[in-house]
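Structure, as structure tokens:
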Amino acid sequence: MTKVALVTGGSRGIGAAISIALKNAGYSVAANYAGNDEAAQKFTAETGIKTYKWSVADYDACAAGIAQVESDLGPVSVLVNNAGITRDSMFHKMTREQWKEVIDTNLSGAFNMTHPLWSGMRDRKFGRIITISSINGQKGQMGQVNYSASKAGDIGFTKALAQEGARAGITVNVICPGYIGTDMVMAVPEKVRESIIAQIPVGRLGEPEEIARCVVFLASDDAGFITGSTITANGGQYFT
Ligand code: NDP
């Protein structure tokens, strides 16, 4: 039977590359997104991958969205928690809204999506949870206290949940990309982007497909012994 994969933030950027790579690897893929209908429609037209709109920051919306995906495609066996946002500001200027929005999306989003799927994966004795964290969750980044905290939280979430899933055949892993050439990074002023690239030993931004290939491997049966792992893919910028 074709396995079903659900990718949050799966219609743009890294998520879109992940959705396409999983489809090419033989999965039946559902791509969630938050609000950019135009990008989602274009993505579906180009790839044939169905898109579903809800916010990962809303638990009830996640539960309802997952129920819809499972009714359309069948039980989800691979969840990719990719949706993420930045609301950058130096800490002394950071508002409570900037803090809350980022934590609600990047960290609570992983809980909100994984929790409704967990018991089904336990019952079926198979599951793959793959969360996209960030280099800045590993090393911390000034101007991103909210983002760094949320992404470090994703790593702790993964390490703890991996221990709970292991006997049930569920692996839980996290990928920490370095800087990848998506809208999120292209929104940074060009001068800042050039200074970022200067700090990357391989001398370039990463490509979304380079993260997608890590996801396809972690989702595969071949990766069954890998759980609780943090995969770093950052062009040599930071070692843990
Ligand atoms: P983009 O900004 O290009 O795309 C973000 C995606 O997430 C969009 O599909 C967006 O939906 C979706 N999204 C945002 N908020 C929500 C929400 N509340 N509910 C559901 N979907 C949501 O981001 P990237 O592709 O660059 O980043 C993907 C992930 O990788 C993020 O978690 C990011 O933190 C992480 N990352 C990115 C790096 C980079 O250099 N780009 C580096 C390290 C980590 P919509 O299209 O509707 O707006």
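Every number here is computed from the coordinates shown, using simple stated rules; none is lab data. For clarity, every value in this text was computed on a predicted model and none was experimentally measured. Cβ atoms come from the backbone with ideal geometry, glycine included; neighbour counts cover every protein chain shown.
Summary table below
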quantity: Residue count for the range 151-177, restricted to those that are in a helix (DSSP H, G or I), in contact (Cβ under 8 Å) with a residue 12 or more places away in the chain and either more than 16 Å from the ligand (Cβ to nearest atom) or in contact with a His (Cβ under 6 Å, 6 or more places away or on another chain) (or both); calculated: 7
quantity: Residue count, the range 37-60 (criterion: within 14 Å of the ligand (Cβ to nearest atom) and in a helix (DSSP H, G or I)); calculated: 11
quantity: Selected residue [over 17 Å from MET113 (Cβ atoms), near the ligand (Cβ under 9 Å from one of its atoms) and of a type in the set (Gly, Ala, Ser)] from ALA17, ALA34; calculated: ALA17
quantity: Flag for ALA63 being part of a helix (DSSP H, G or I), out of contact with any Lys or Arg (no Cβ under 9 Å at 6 or more places or on another chain) and within 17 Å of THR105 (Cα to Cα); calculated: yes
quantity: Close pairs (8 angstrom Cβ cut-off, 6 or more residues apart or separate chains): at positive phi and part of a loop (DSSP other than H, G, I, E, B) in the range 5-25, buried (at least 24 other Cβ atoms within 10 Å of the Cβ) and among the hydroxyl-bearing types (Ser, Thr, Tyr) anywhere; calculated: GLY9/TYR33
quantity: Test: GLY65 is within 13 Å of the ligand (Cβ to nearest atom), buried (at least 17 other Cβ atoms within 10 Å of the Cβ), free of Cβ contacts under 8 Å to residues at least 40 places away in the same chain and not hydrophobic (A, V, I, L, M, F, W, C); calculated: yes
quantity: Where GLY84 falls short, out of the listed (1) farther than 26 Å from VAL4 by Cα; (2) within 16 Å of the ligand (Cβ to nearest atom); calculated: (1)
quantity: Condition met for THR114 (over 22 Å from GLN237 (Cα atoms) and touching a strand residue (DSSP E or B) at 6+ places or on another chain (Cβ under 9 Å)); calculated: yes
